[in-house]
Amino acid sequence: MELIYSEQLVSVFDGYRQAAPSKDMPFAKFVGLGFEYRERIEAVRGAATKEERDRLKALLPCATIAGTFYPDRSNGNLQRASRLMCLDIDKKENPTITDWQRLKEWLCKGDEHIVFASLSVSGEGLFVVYAISRPERYEQLYRRAEIDLGPWGTRLDSSCKHVGRLRALSYDKHPYWNELATPSHV
């Protein structure tokens with residue numbers, strides 16, 4: 001049976017401070033909520049200070065892209081793996097990158113493992129979802145992604161190597177989708 005990435009279930013939380021997920025939903029439905037929350041996401045992008053940006057971001061829904069979790073998102077509580085890995089390419093680790101749309105286009109043309117890519121909630125980074133073959137080897141596959149994306153001059157946010165990592169909802173007028181992505185192997 002062929003895996004349909006957009007239909008893989010993720011656990012959704014009402015915000016970063018919520019310990020237990022409020023529901024599970026297909027990955028595509030979660031990222032699609034970005035259109036519904038567009039004004040709130042644009043408020044995050046327009047915040048004058050980091051403190052204000054962080055406060056507004058904390059109010060957005062977020063999800064565990066690696067799969068569904070219960071009773072909380074601790075690494076040992078993964079109930080069902082999605083075979084998806086969330087990667088963050090942020091301005092903090094990549095201060096010389098200024099054209100995030102262009103980087104998104106380059107990465108998506110050059111990497112067969114990318115299922116989805118979008119601007120991050122801040123608008124100064126990318127939210128990239130990788131197809132993976134063996135969820136039980138999540139950290140090794142994260143290291144593989146670092147190597148795969150290294151030639152593009154990008155550094156990944158190292159907190160994404162944790163299977164229970166939360167991903168804040170974001171919005172991008174032109175997200176990238178590839179249901180035919182090839183899973184990364186180690």
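The values are calculated or read from the model by the stated rules, or taken from the named source; none is laboratory data. Just so it is clear, the model here is predicted, and its values are computed rather than measured. Cβ atoms come from the backbone with ideal geometry, glycine included; neighbour counts cover every protein chain shown. These accessible areas exclude ligands, DNA and RNA; they are computed on the full protein's heavy atoms, side chains included. Shrake-Rupley method; radii C 1.70, N 1.55, O 1.52, S 1.80 Å.
Applying 1/(1 + (r/R0)^6) with R0 = 45 Å to the Cβ-Cβ distance of GLU2 and ALA48, what FRET efficiency is obtained, to the nearest 0.05?
About 0.45, to the nearest 0.05.
Could you tell me what % of all Cα pairs in the range 1-157 have separations over 26 Å? Intermediate results must be reported in sequence, preceding the final value.
Working: 3311 of 12246 pairs.
Across the range 1-157, Cα pairs with separations above 26 Å total 27 percent.
Where is the GNM fluctuation largest for the chain (alpha-carbon springs, 10 angstrom cutoff): CYS108, CYS86, CYS62?
Top of the fluctuation ranking is CYS108.
Test of understanding: what is the full-extension gain from ASP72 to TYR16, defined as 0.36 nm times their sequence separation minus their Cα-Cα distance?
19.0 nm
Quick one: accessible area per residue over the range 21-68, 1.4 Å probe, rounded to a whole number of Å²?
For the range 21-68, the solvent-accessible area averages 52 Å² per residue.
Would you mind telling me which residue in LEU33, LEU119, LEU78 has the biggest mean-square fluctuation in a Gaussian network model of the chain, where springs connect alpha carbons within a distance under 10 angstrom?
LEU33
Based on the alpha carbon coordinates of the range 96-142, what radius of gyration and maximum Cα-Cα distance (Dmax) apply, in Å?
My reading of the Cα-based Rg and Dmax gives 12.1, 35 Å.
Over the range 76-139, average the accessible area per residue using a 1.4 Å probe and give it in Å², no decimals. Provide the component values of the computation, followed by the final result.
On the way: 2820 Å² over 64 residues.
Accessible surface, normalised per residue, equals 44 Å².
Would you mind checking the range 161-182 for residues with the amide N under 13 Å from a putative spin-label position 7 Å along Cα→C-beta of GLU105?
Backbone N within reach: 174.
Send over the semi-axes of the range 66-186's equivalent ellipsoid, whole angstrom and largest first, taken as the square roots of 5 times the C-alpha gyration tensor eigenvalues. Mind dumping the intermediate values first?
Numbers: eigenvalues 100, 48, 37 Å².
Semi-axes, largest first: 22, 16, 14 Å.
Where the accessible area of the range 3-67 is counted over protein heavy atoms with a 1.4 Å probe, how much of it, in %, is carbon and sulfur?
Working: 1740 of 3380 Å².
With neighbouring chains kept in place, the figure for the range 3-67 is 51 percent.
Just SER133, SER118, SER82 to compare: in a GNM of the chain, with alpha carbon springs under 10 Å, which one fluctuates most?
Highest fluctuation of the listed residues: SER133.
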